[in-house]
Structure formats: C-alpha cells, structure tokens
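Trainee: Sharing a structure with you now.
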Amino acid sequence: MSDPMRVLLVGATGLVGREVIARGRDVPGLSLLALARREVPLPRGGRMEMMLAPVCDWPQAIATIAPDTAICSLGTTQAKSGREGLREIDCTLVLRVAEAAKRAGARQFVHLSSVGADPHAKAHYLSVKGEAEQGLRKLGFARLDIVRTGLLRGQREGERRVLEGIGQVAAPVADLFLHGSKRRYRSVKASDLAVALLQAVRTPARGTFEHDYDAIQRLARAFAKGRSA
C-alpha cells in the first residue's frame, strides 16, 4: 500500500477549516495535518494532527510537515483586522504559506477565494483576493485550485458577524433569484464547501482550475458519491 497523501490545512480555526476537519476524518488515502497559531477544540469526531507555531515560524513548520498538497482557508474581514490587516492575512500570508509549501515539495495548492476576486476591483476586499490569486498563479504548482465562493452559510465559533448573519437568513430566498451568470453569487453551505475542497485534493489532473458555485456543488456531489461507494 502507498503512503497516504499528506494534506496541510491552514485556516483550521475558521468556519470552513473546522468543517474540513470534521468532514475529512477517515477519508481513505488522506492524512490531514493542520498548522495554526493557537490551539482550538476539534469538532466532534474530528481527529488530526495539529502543529502550533507563531506565524513567523510557519515556513519552517511547513518544511517539517512536508505536505504533498495544501488547503488554504485563511481569511479575515476589514472590520476585524483593519484595511492593512486584511491584506496581511488574505494576501501576504496566503502567498507566504504557498511559497513554503512549494519549497517543501507540495504539488498542489487549494485556495479558498471569493466570487468577484479581481486585483483591479474597486472594493478593497475583492482586490486583495484577486492579488492573492495572481500571486498563486506565478508559483508553478502542478495543480492549483482557486475556489470562489459567495456568502458562507454556517455557525461560526466565538465570532459574530452581524451583516453575515442577516445575509445567511435571507440567502436561501435570495438564491432563488440568481440565475444564469448570477448563479455564481449564490450562497454556499460551509459543509459543502469543505467537502469540495477535499474532493479537489483527490482530483489528480494537472493545471489551474477555477471553481464557482456550480463547480463547488459538483465537487461536493463527487465527494459524497465517493464516500458512499
């Protein structure tokens, strides 16, 4: 038997990261390892290795982990971290993690981005997300997955985002009116997004792939089908 694929997870303490841990346990052929700044309780039933280190030591930690692939769900908000704090986490840190993973031998990088990401966008959040995508494309991974999600639906631990909460209540109805090219703006359950990220890891094709709402749903269905097979 071949050794399981070593999958590095950064952003494990957030909504999507916690779902990746919960959904990724016991996935055949995968060994999930998280890198975080602080210890957090694992979701019920979650089992995995977690390495704790200050951000300045993450490149060395990633070299030690030597991942085959990486899932990056790092992200913050301008309200929480400020304008420059948003750039530091959502772009600078993302690229630092990706560069370290590439040096450590990772062939694939799966990045959680946002619908509308564009380095030339007027909105600061979307321009930062676009700059991160732009930087990732230059690193030369054998496979790069850019997952562009709309509003996330799920329960965050210890963090309250008022506008997001209002959006989550309205999203199921609003989604019904998003058709055609606007489907990409539909909301996504954090649990569906997590399994889509895991399914991307299990997909061997080489190249750069962009996943919006419909592609995220296809990946999630493929993961569920694989689990039930």
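The values are calculated or read from the model by the stated rules, or taken from the named source; none is laboratory data. This one's a predicted model, so the numbers in the text were calculated from it and none came from an experiment. Every residue, glycine as well, gets a Cβ built from its backbone with ideal geometry; the counts of neighbours run over all protein chains shown. Please note that ligands, DNA and RNA were not included when accessible areas were found on the heavy atoms of the full protein model with its side chains. Shrake-Rupley method; radii C 1.70, N 1.55, O 1.52, S 1.80 Å.
Trainee: Quick check: pseudo-label points 7 Å beyond the Cα along Cα→Cβ at K80 and K182, how many nm apart are they?
Mentor: 2.9 nm
Trainee: Would you please give the residues with an amide H less than 5 Å from that of R153, counting only those at least 5 places away or on a separate chain, with H modeled from the backbone geometry?
Mentor: Residues meeting the amide H criterion: V188, K189, A190.
Trainee: Name the residue from M51, F109, V27 whose Cα lies farthest towards the positive end of the charge dipole of the chain, charges +1 on Cβ of Lys and Arg and -1 on Cβ of Asp and Glu.
Mentor: V27
Trainee: Another question about this same structure. Taking 29 Å as the cut-off for C-alpha to C-alpha distance, list the pairs among K102/K129; K102/K182; K138/K225 that go past it. Don't skip to the end; give the middle numbers.
Mentor: Working: K102/K129 20 Å; K102/K182 34 Å; K138/K225 33 Å.
Violating the 29 Å Cα-Cα cut-off are K102/K182; K138/K225.
Trainee: Now for a different question. Please name whichever of L15, S81, G150 sits farthest to the positive end of the charge dipole of the chain, dipole taken about the Cα centre and charges placed at Cβ: Lys and Arg +1, Asp and Glu -1.
Mentor: So the residue furthest toward the plus end is G150.
Trainee: Quick check of the Kirkwood formula: for the chain, what is the inverse mean of 1/r over all pairs of different Cα atoms, in Å? Walk me through the numbers before you get to the answer.
Mentor: Numbers: mean 1/r = 0.0563 Å⁻¹.
One over the average 1/r among Cα pairs gives 17.8 Å for the chain.
Trainee: Could you give me the ³J(HN,Hα) list for region 103-116, computed from phi with Karplus coefficients 6.51, -1.76, 1.60 and θ = phi - 60°, whole Hz, x at Gly and Pro?
Mentor: So the J values, rounded to whole Hz, are 5, 7, x, 5, 8, 9, 9, 10, 10, 8, 10, 9, 4, x.
Trainee: Now for a different question. Just want the answer: with Cβ charges of +1 for Lys and Arg and -1 for Asp and Glu, which residue in A70, L197, Q134 is farthest toward the dipole's positive end in the chain?
Mentor: In the chain, that residue is L197.
Trainee: Let me see the pair-distance distribution of region 60-119: every alpha carbon pair, 10 Å bin width, integer percents in order.
Mentor: Values per bin, smallest distances first: 22, 47, 25, 5.
Trainee: Testing the spin-label approximation: label points 7 Å from Cα along Cα→Cβ at L139 and E49. State their distance in nm.
Mentor: 2.0 nm
Trainee: In Å², and per residue, what accessible area does the chain have when probed at 1.4 Å with the other protein chains present?
Mentor: Working: 11660 Å² over 229 residues.
Ligands and nucleic acids excluded, the figure is 51 Å² per residue.
Trainee: Among the aspartates and glutamates, which fall within straight-line cross-link reach of K122, defined as a Cα-Cα distance under 13 Å, with same-chain neighbours fewer than 8 residues apart omitted?
Mentor: E131
Trainee: At 7 Å along the Cα-to-beta-carbon direction for both D3 and D26, put a label point, then send me their distance in nm to one decimal.
Mentor: Between D3 and D26, the simple spin-label model gives 2.5 nm.
Trainee: What are the ³J(HN,Hα) values, in whole Hz, obtained from phi via the Karplus relation 6.51 cos²θ - 1.76 cosθ + 1.60 with θ = phi - 60°, for each residue of region 132-145 in sequence order, with x given for Gly and Pro?
Mentor: Result, rounded to whole Hz: 5, 4, 4, x, 5, 5, 7, 7, x, 5, 4, 9, 10, 10.
Trainee: While we're here: If R0 is 35 Å, what FRET efficiency do you get for A222 and T64 from their C-beta distance, rounded to 0.05?
Mentor: Using R0 = 35 Å, I get an efficiency of 0.65.
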